[in-house]
Amino acid sequence: TDGTGSGAQRYFVGTLKNMYVKLGTYEETGISSDDIKGLKQRGLITFINDSCDDEYMHVFDGEYVGEYDPQGKDFGEGELIWIDEKDILSLPIWEGDKIMFQKLLHEDGFFSMKLVYSKDTLKHVEIY
């Protein structure tokens, strides 16, 4: 599962979503698209927060099959490290992210969610 933060970025006109994910992953990790197998869209999340603009995040997953290890390198958004899937939910992440990771790691197929926040507090969740 790709845990980079490129999902909430805006698409360039005429760019396919999965092409943009590969580009964003490369920019944030240095991992080439040739090293990502089985890339597929798994979800769409709508974020509504009373302290910022609404955002839409397209969620993808795929398997990294390359040999390049970007761990420990800084790509402008902090130090990149590999996290074991069993440890993800113990990280200091948003409550909505915990719901998203539960769906990604324990269910198959596509999901859609609406997450409503007031500042940092999750107030409402709708899962479709």
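Determine whether segment 75-91 contains at least one residue that is under 13 Å from the mean Cα position of the chain (by Cα) and under 23 Å from MET19 (Cβ atoms). Steps first, please.
Of segment 75-91, the ones under 13 Å from the mean Cα position of the chain (by Cα) are 88.
Now drop any that are not under 23 Å from MET19 (Cβ atoms), which leaves none.
No, segment 75-91 contains no residue that is under 13 Å from the mean Cα position of the chain (by Cα) and under 23 Å from MET19 (Cβ atoms).
Within segment 82-122, which residues are closer than 22 Å to GLY24 by Cα, open to solvent by 90 Å² or more (accessible area, probe 1.4 Å) and assigned to a loop (DSSP other than H, G, I, E, B)?
TRP82, TRP94, PHE110
Is there a residue in segment 57-66 that is of a type in the set (Asp, Glu), surrounded by 15 or more Cβ atoms within 10 Å (Cβ to Cβ) and under 14 Å from LYS114 (Cβ atoms)?
Start the filter on segment 57-66 by keeping residues that are of a type in the set (Asp, Glu), which leaves 61, 63.
Then drop every residue that is not surrounded by 15 or more Cβ atoms within 10 Å (Cβ to Cβ), which leaves 61.
Checking the rest, the ones that are also under 14 Å from LYS114 (Cβ atoms) come to none.
Scanning segment 57-66 turns up no residue that is of a type in the set (Asp, Glu), surrounded by 15 or more Cβ atoms within 10 Å (Cβ to Cβ) and under 14 Å from LYS114 (Cβ atoms).
Each row is one residue, and each column tells you yes or no for (1) among the small types (Gly, Ala, Ser); (2) surrounded by 14 or more Cβ atoms within 10 Å (Cβ to Cβ); (3) modelled with pLDDT under 85; (4) not in a helix (DSSP H, G or I).
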position	(1), (2), (3), (4)
THR1	no, yes, yes, yes
PHE12	no, no, yes, yes
GLU28	no, yes, no, no
THR46	no, yes, no, yes
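Find all pairs meeting these conditions: Cβ atoms under 8 angstrom apart; at least six residues apart or on different chains; first residue within segment 50-61 and more than 13 Å from PHE101 (Cα to Cα); second residue assigned to a loop (DSSP other than H, G, I, E, B) and open to solvent by 80 Å² or more (accessible area, probe 1.4 Å).
That search, which allows pairs on different chains as well, returns ASP50/LYS119; SER51/LYS119.
Of the numbered conditions (1) in contact with a Phe, Trp or Tyr (Cβ under 8 Å, 6 or more places away or on another chain); (2) among the aliphatic types (A, V, I, L, M); (3) not in a helix (DSSP H, G or I), VAL125 satisfies every one except a single condition; which is it?
With (1) in contact with a Phe, Trp or Tyr (Cβ under 8 Å, 6 or more places away or on another chain); (2) among the aliphatic types (A, V, I, L, M); (3) not in a helix (DSSP H, G or I) applied to VAL125, the lone miss is (1).
The values are calculated or read from the model by the stated rules, or taken from the named source; none is laboratory data. What you see is a predicted model; the values in this text were computed from it and never measured. Cβ atoms come from the backbone with ideal geometry, glycine included; neighbour counts cover every protein chain shown. Note: accessible area is taken over every heavy atom of the protein model, side chains too, but ligands, DNA and RNA are not part of it. Shrake-Rupley method; radii C 1.70, N 1.55, O 1.52, S 1.80 Å.
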